[in-house]
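The values are calculated or read from the model by the stated rules, or taken from the named source; none is laboratory data. All figures in this text were calculated on a predicted structure; none of them were measured in a lab. With ideal geometry, Cβ positions are generated from the backbone for all residues, glycine too; neighbour counts draw on all protein chains shown. Accessible surface is based on the protein model in full, side chains and every heavy atom, while ligands, DNA and RNA are left aside. Shrake-Rupley method; radii C 1.70, N 1.55, O 1.52, S 1.80 Å.
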Amino acid sequence: MYRNTSTPADDNGCGWFHLSPPRTPRPAHSGRSQARWAVLGAGFTGLAAARQLALKFPHDEIVLIEGQQVGFGASGRNSGFAIDLPHDIGAPDYIGDLATARMNLKLNHFAQAQIRALVAEHGIDCQIRPDGKYQAAVEDKGLAVLAAYRSGLDKLDQPYEMIDARDLPEHLGTSFYRQALYTPGTMLLQPAALARGLADSLPSNVSLYEHTVITRLEQGEKITLHHANGQIVADELLLCNNAFASHFGFLPGRLLPIFTYASMTRPLTEAEQQRLGGKPTWGIIPADPFGTTLRRTPDQRLLVRNSFSFNASGQAQQKFLDRAERQHRASFERRFPMLPDVSFDYTWGGAMCLSRNHLSYFGSLAPRVHAALCCNGLGITRGTATGTLLANWLTGERNELTDFLLASPGPNRNPPEPLLSVGVNLNLNWGQRRAGLEA
Ligand SMILES: Cc1cc2nc3c(=O)[nH]c(=O)nc-3n(C[C@H](O)[C@H](O)[C@H](O)COP(=O)(O)OP(=O)(O)OC[C@H]3O[C@@H](n4cnc5c(N)ncnc54)[C@H](O)[C@@H]3O)c2cc1C
């Protein structure tokens, strides 16, 4: 028996969610149902796993269960970078072991191809664009990161362009940054619109239930998923609920729900767009992992993402949202002094699932319980790839990517509470303070 100790509860401020094309959520589950396969969590990982199972087993029913509305969880809350390149923050050149980096690159390309194909096939309106990304620096240590990553990209034989301060305003409008490393392979997109579009284009043998919070798992000859209004009995369960898996007792203390936060402005007027200058859309990630991510969206809003908190329950907390909004305003004003009166329409937070060694979980956690968890902040591509490959593996299909994922030792252990919270909070506070102007 696995009893759940915390359930998802995100805030209602996510701009991407509210600006998505309208859709009607699927009804919650009630009563008792049986299915061969149950997938828990309809973020990018669960959506990919359910779709692939349905294609592999066209005569089976696949039940996909989501505690909130699709697109309301972390998959709809992120900054929308579907990133191709590996970025190992533990390695001096951010690439590290070349064989591992090549496999991660292949995984990300596999996911990008899948996303592109599904968006085209189902006409999903999610503002997807092959814009690439700028990794930008303003502090000396940020410049050192770009230099090191550049040497890593040379080793991996990947294209990039170094852009200096003088030329950056032509790209980004702002003259805040001293240098940027542009790589062309990232796709930028509207994440909630993608998640919702994927949910509405699932094969007909997937039964999706939204607003259905699983509170207990019972293991016997089959596995029973309990919720307030009934049960779902399945032969096999795929856990795709990220850090919430640890609230059922799996991988205890190894999956860290680290929240990060974003604000989105109102659309810029024509005059403001002129004053800003630069390209009409772009995405910037920070050289320092504790720094600020920025997007200029196709509808001419600016998104600012930074600030972190460790919410052990996995649930949103208003005090952290308030603090993040103040930080977003300060970061915005530093970068866009030419846009003094541009207010934020939306501010929200969301959980990344991180591990201390930056590794994910892929495989079987117990009899009948399989999982793809812990995307370490890269769930658009990683979740899509691992969800698909988990389903393939359960059909008996293996390839080099599956073998690579299965060979990983997975997320490592951490000290128990209260040491864990103290350690993570110290780390987050220290990192954010050290980020300086990168934040
Ligand atoms: C602000 C922010 C910016 C980010 N930027 C990026 C980015 O630019 N690019 C990128 O690739 N990644 C980014 N990420 C990370 C990315 O959002 C995650 O890695 C991704 O969402 C993981 O997908 P997932 O499907 O594995 O998990 P999730 O999206 O977390 O989905 C799991 C689902 O399980 C559901 N669930 C959990 N427990 C239960 C239960 N008991 N019963 C029913 N349902 C349950 C949850 O409601 C949730 O919807 C960012 C994250 C945040 C918060």
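Things to note:
- Spin-label proximity, residue 271 to region 299-329 - amide N less than 19 Å from point 7 Å beyond Cα toward beta carbon: 300-302
- Per residue, in Å², the accessible surface of the chain once ligands and nucleic acids are set aside, probe 1.4 Å: 40 Å²
- Using C-alpha pairs below 8 Å separated by at least 6 residues, the relative contact order for the chain is 25 percent.
- D (Stokes-Einstein, µm²/s), Kirkwood Cα radius, the chain, 1.306 mPa s at 10 °C: 72 µm²/s
- The long axis of helix 191-200 is offset from the longest Cα principal axis of the chain by roughly 30 degrees.
- Heavy-atom accessible surface of the chain: percent carbon and sulfur, 1.4 Å: 52 percent
- Beta bridges per DSSP with both ends in the chain, % antiparallel, nearest 5: 70 percent
- Crossing angle, helix 419-434 versus the chain [Cα axis fit, 0-90 degrees, rounded to tens]: 20 degrees
- With R₀ fixed at 35 Å, the C-beta to C-beta distance from residue 222 to residue 110 puts the FRET efficiency at about 0.65.
- Cα gyration tensor shape for region 1-115, rounded if a/c is under 1.5, else prolate or oblate: prolate
- When the listed pairs 56/155; 106/222; 56/222; 56/133; 279/319 are checked against a 31 Å cut-off, the alpha-carbon distance exceeds it for 56/155; 106/222; 56/133; 279/319.
- In a fully extended conformation the segment linking residue 121 and residue 32 would gain 28.6 nm over its present Cα-Cα distance, using 0.36 nm per residue.
- The gain in end-to-end length when the residue 281 to residue 143 segment is fully stretched comes to 47.3 nm, 0.36 nm per residue minus the alpha carbon separation.
- Taking a point 7 Å out from the Cα of residue 395 in the direction of its Cβ, the residues of region 24-64 whose backbone N falls within less than 15 Å of it are 37, 48-62.
- For residue 231, distant residues with modelled amide H under 5 Å away: 31, 32, 33
- Helix 140-156 axis versus longest C-alpha principal axis of the chain: approximately 60°, rounded to the nearest ten.
- Centre-to-centre, using Cα atoms only, region 273-319 and region 228-244 are separated by 33 Å.
- MRE, 222 nm, helices only [DSSP H, n ≥ 4, -39500 (n - 2.57), over the chain, to nearest 500]: -10000 deg cm²/dmol
- Dipole orientation for the chain: of the candidates 247, 135, 386, 247 has the Cα lying most toward the positive pole (charges on Cβ; Lys, Arg +1; Asp, Glu -1).
- Over all other residues within a Cβ to Cβ distance under 14 Å of residue 212, the charged ones net out to +1, with Lys and Arg as +1 and Asp and Glu as -1.
- Three-way shape call for region 135-260 based on the alpha-carbon gyration tensor, with the a/c threshold at 1.5: prolate
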